[in-house]
Structures are given as structure tokens and as C-alpha cells.
1. Within segment A:133-169, take every residue that is among the hydroxyl-bearing types (Ser, Thr, Tyr) and within 19 Å of A:ALA31 (Cβ to Cβ) and give me the one that is nearest to ligand 1 (Cβ to nearest atom).
2. Scan segment B:191-202 and give yes if some residue there is under 24 Å from B:VAL107 (Cβ atoms), in a helix (DSSP H, G or I), open to solvent by less than 50 Å² (accessible area, probe 1.4 Å) and not charged (D, E, K, R), otherwise no.
3. Given the criteria open to solvent by 50 Å² or more (accessible area, probe 1.4 Å), within 19 Å of B:SER160 (Cβ to Cβ) and under 12 Å from the mean Cα position of the chain (by Cα), does B:LEU15 qualify?
4. Scan B:SER151, B:SER160 and give me the residue that is under 24 Å from the mean Cα position of the chain (by Cα) and closer than 30 Å to B:PRO115 by Cα.
5. Can you find a residue that is free of Cβ contacts under 8 Å to residues at least 12 places away in the same chain and either within 16 Å of ligand 2 (Cβ to nearest atom) or buried (at least 18 other Cβ atoms within 10 Å of the Cβ) (or both) anywhere in segment A:29-36?
6. Among the residues of segment B:141-153, is there at least one that is open to solvent by 20 Å² or more (accessible area, probe 1.4 Å), touching a residue at least 24 places away in the same chain (Cβ under 8 Å) and touching a Pro at 6+ places or on another chain (Cβ under 9 Å)?
7. For A:ALA111, only one of the following conditions fails: (1) part of a helix (DSSP H, G or I); (2) over 23 Å from A:ASP131 (Cα atoms); (3) open to solvent by 30 Å² or more (accessible area, probe 1.4 Å); (4) more than 16 Å from ligand 1 (Cβ to nearest atom). What is its number?
8. Out of the residues in segment A:37-49 that are assigned to a loop (DSSP other than H, G, I, E, B) and surrounded by fewer than 21 Cβ atoms within 10 Å (Cβ to Cβ), which is farthest from ligand 1 (Cβ to nearest atom)?
Amino acid sequence: MIRITDVNKSFGETKVLQNINLVVPKSSVYAVIGPSGAGKSTLIRTINALEEIDSGEIMVDGMSIHSKKTDINKVRTDIGFVFQSFNLYPFLTALENVTIAPIQVKKVKKATAIERGKELLASLGLGDKFDSYPSKLSGGQQQRVAIARALAMDPKVMLFDEPTSALDPEMIKEVLDAIRKLAKTGMTMMVVTHEMGFAREMCEQIVFMADGKIVEVAPPEKFFSNPESARAQDFLSKVLNH
Amino acid sequence: MYQADWSVIPQNMHLLLNGVLLTLQISALALIISIPFGIFLGLCRISKNKLVSFLSTAYIEFIRGVPLLVLLFWIFFVLGRFMQLGSYWSAVLGLAAFSGAFVAEIVRAGIESVPKGQMESARSSGMSYTQAMRLIILPQAFRKMLPPLASQFIILIKDSSLVSVISVVDLTLVAKNIVATSFRSLEVWTAVAILYFIITFTLSQIIRIFERKYKLRE
Ligand SMILES: Nc1ncnc2c1ncn2[C@@H]1O[C@H](COP(=O)(O)OP(=O)(O)O)[C@@H](O)[C@H]1O
Ligand SMILES: [Mg+2]
């Protein structure tokens, strides 16, 4: 479903991604963890071409993302992206945030988009927030609107870049629950996260990154009890003792 | 001692009011033209295309470096000759060309004030650059642009007094003509200064009311 082959990327002199290879099969949930500055955000942003790559190839559902021949706007409708800082449109209501892309990009009928938007918001516990502006919503509610907005395009893949890092502790659970629910529907997902509990419980594989490289890929049971690399051992000892 | 005779003002009130109307008309037309023009220039300026961005930057810098008076003369005597513009449209186009450069900077600042994440989330939902600009970025930028655009209108009204030199019968030229026949320069120029002030002050008060209303809704 997502196939990353020999990807390299630099920002000026700094090599941010070095020889990245990874395959995320259909309906799998992969967690990407690692210290800050490891290149996690850069990696996940290259998957929907928010960042360019210097070399290599990224395939999503058979489409080569960075190929000149690919219509990137078309491919992006199949890839939902959820940002750490929500990035809701502040001048639109929750429902309008969810329906604008289906209506304008997919040319879905307005009534159909609204019906589907309400359904999605309600399923994420926001049934009474259709007409609320983002500034009137809590962080957890905003992030759930952002998830609904991404799902409204019926994506084949969902990417999350630290979806709970900007949230107060009491709101982390409601957002993680939403992602959990989504995982159960068989959605293919890649989640950059610092929530080790979530990664251990929900994800098939843990992708551990450091210094622009994928250092280790392992199932959570193995990764958390018996990590192979010294970098991962060091990282885990710091995070888990917290 | 000089004996002021203010009766010259009411006697010529209709002429003065016509001048006020023409001043407002020319400034408003120039503003209306300079807004889409300025948006276009501003978008070109932030374009990734180096040539487009260079041309727009060059235009903006050039206009900002040339006195409006000289620009008006140039449009009237050079461009106006070729295109049969006449003094009225030379004045409107001159002011619009001048104002457009400043509107472009207002537009650029407005767009740059919208957080980067807005463009990113619009693009990641499959919108093209143009769609994202039109549907997501510009509506937000425009709110930020309203107060400086309103100030630009006030500046235009004041700058428009220069169009009298290409014989547009605006408030300033009306005043000059009245002085030429009545020799009452003290009375007439005082009245005209007050009229300009009334126009700009009223406008800035209206803007302030709108700003306050808008703040309350945020
Ligand atoms: N736009 C950018 N310009 C220059 N350097 C960047 C940019 N974005 C990220 N970096 C650098 O790339 C490295 C990886 O960043 P990032 O992918 O954000 O890491 P992570 O998400 O794992 O914390 C960091 O050293 C960061 O400073
Ligand atoms: Mg990051």
C-alpha cells in the first residue's frame, strides 16, 4: 500500500532522510517513533509530497508520488493527513471544514457532502458541534474535526504527524480513541507518535527512527521488551522512565 | 488688516461640492481598479516563477520610487496621447497604477500573515494551488487586508489632489479656479482644507467602527 524505496532528502547540508526503505501493507497500522529531529515529520510529509525528495521512490496504492507524470492533486485525495497543530480553517464551521474539499475537489453534491460530513462528525462524538467555529472548540475536538475532514475524502491511507502532541493530557484519550476506531475499520495508517501505550497496543510494527535513518522495524512485543539497536534501547530507557 | 469675507464659500458651494464628488469618484474608481490589480501583483510577487516575481517586484519598486506627480504627467502626456485617454481617465489610471503597488504590498503582507499550515492542509486535501489560494488563503488574508486597504483609500483621496495638474476639475482645481476669480485665497483654501479633512476624518471613523465590530466577532 505504501512502499518507500531508497529515499534520500537533505535540507541544505543536513541529510534529513538517509536511504529510507519501508513497506506498509494494506490495512496495517505502523507507528513511527524516535527522538525529536530524527526526521519523522519529514518522512511522513514526503508520503503526500508536502516535502520533495532528492532521490528514491514512494508508491501509494500503486501511484508514484514524486513522479512528474503523477497528478499530485488527484493522488492526495486518497491520502488523509492529520497535523499536530490541527490546521483547521478558522473562518469555516466544523461542518464546512469537513465538506469544503469533497465539494470543491471531488465535486460531490453539496447535500450529499453535508449528510456525510454530519455522519462523520457524529461518529467522532461531535454531533452537537456542526456549526461551531474552530476557535470555540477544545484542542481534542479540533483534532477530531481534522480527522473527520481527512476521512470525508474517503482516503485509502491515513497519515498522522503527532496528532496528540499539542493536546492537554485529558484530551489525548479522545483523539487516540478516534484513531483506534479507525484502525478497526481496516484503514491503512502511519502514525508518528510519542504515545508508547498506543503504539504498543494498536500498531503492527514499530518503526524506530534516529538521525534521519530507520534504525529498527519490529513488532511492538519485540521492540518494547527486547530492542536490538543501542539507539532504541537508549531512547526507550529515556521515554519509559518518564 | 485683511478683511476676511467668507460669503465666497456659500456662493460657490455647488462648485465646491462638485469638486468633492469628483475627488471621491476618482479616488474610489482608482481604488476599485487597484484592488484586483494589486492582488494580481501581490500574487505574482510571491510566485515561485522567478521571472514573474521579478517583474512584479520591479514594477512595485519603480512605482514607489517615482513621484506621483511625475507619473500623472507621464500617463497624461505620453500614454494618454497614444491611447486617447483624456484627463479624467489618465487621472484614474495614474492613481490606480500608483495605488496598485501599495495594494500589492498589503496583499502580500495579508497572505504571509496566514499560517503556513493552512496552505498545507488545503493542498493535502487535494486542492490545487489556485483553489487553495482562492478558497482558503485569500478569504483569511482579506480580513487582515481590510484596515490597511481602508487607509490606502484615505491616502488616495489626499494624493488625488495632484490630478488638478492634468486639469481634472477635482476639489483642488475648483478651489484654484474660485481663487482666480474672487482673489479670496485665505477663505477658499481654508474651506478646502476643512473639506478634505471632513472627508478623510469621516472615513477613518467609519473604518474604526467596522474594525471594532469585526474584533467583536472574532
Ligand atoms: N524546512 C526545513 N528546513 C531546514 N531544516 C529542516 C526543515 N524541516 C526540518 N528540518 C530539519 O530536519 C531534521 C528533521 O526534522 P523533522 O522531520 O521535523 O524531525 P522530527 O519530526 O523527527 O522531530 C531536523 O534536524 C530539522 O531541524
Ligand atoms: Mg515532528
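1. Restricting to residues being among the hydroxyl-bearing types (Ser, Thr, Tyr) and within 19 Å of A:ALA31 (Cβ to Cβ), the top hit is A:SER165.
2. Just the residues of segment B:191-202 that are under 24 Å from B:VAL107 (Cβ atoms), to begin with: B:200.
With in a helix (DSSP H, G or I) added as a condition, the list becomes B:200.
Next, from what is left, pick out any that are open to solvent by less than 50 Å² (accessible area, probe 1.4 Å): B:200.
Applying the additional criterion that residues be not charged (D, E, K, R) yields B:200.
Scanning segment B:191-202, I find at least one residue that is under 24 Å from B:VAL107 (Cβ atoms), in a helix (DSSP H, G or I), open to solvent by less than 50 Å² (accessible area, probe 1.4 Å) and not charged (D, E, K, R), so the answer is yes.
3. Here the answer is no, as B:LEU15 does not meet what is asked.
4. Exactly one residue qualifies, and that residue is B:SER151.
5. Scanning segment A:29-36, I find at least one residue that is free of Cβ contacts under 8 Å to residues at least 12 places away in the same chain and either within 16 Å of ligand 2 (Cβ to nearest atom) or buried (at least 18 other Cβ atoms within 10 Å of the Cβ) (or both), so the answer is yes.
6. No, segment B:141-153 contains no residue that is open to solvent by 20 Å² or more (accessible area, probe 1.4 Å), touching a residue at least 24 places away in the same chain (Cβ under 8 Å) and touching a Pro at 6+ places or on another chain (Cβ under 9 Å).
7. (2)
8. Just the residues of segment A:37-49 that are assigned to a loop (DSSP other than H, G, I, E, B), to begin with: A:37-39, A:47-49.
Within this subset, residues satisfying the condition of being surrounded by fewer than 21 Cβ atoms within 10 Å (Cβ to Cβ) are A:37, A:49.
Details: A:GLY37: 4, A:ALA49: 14 Å.
Among them, the one singled out is A:ALA49.
The values are calculated or read from the model by the stated rules, or taken from the named source; none is laboratory data. Predicted model only: the values in this text are computed from it and were never measured. Neighbour counts run over all protein chains shown; Cβ positions are idealised from the backbone, glycine included. Surface accessibility is based on the protein's heavy atoms, side chains included, excluding ligands, DNA and RNA. Shrake-Rupley method; radii C 1.70, N 1.55, O 1.52, S 1.80 Å.
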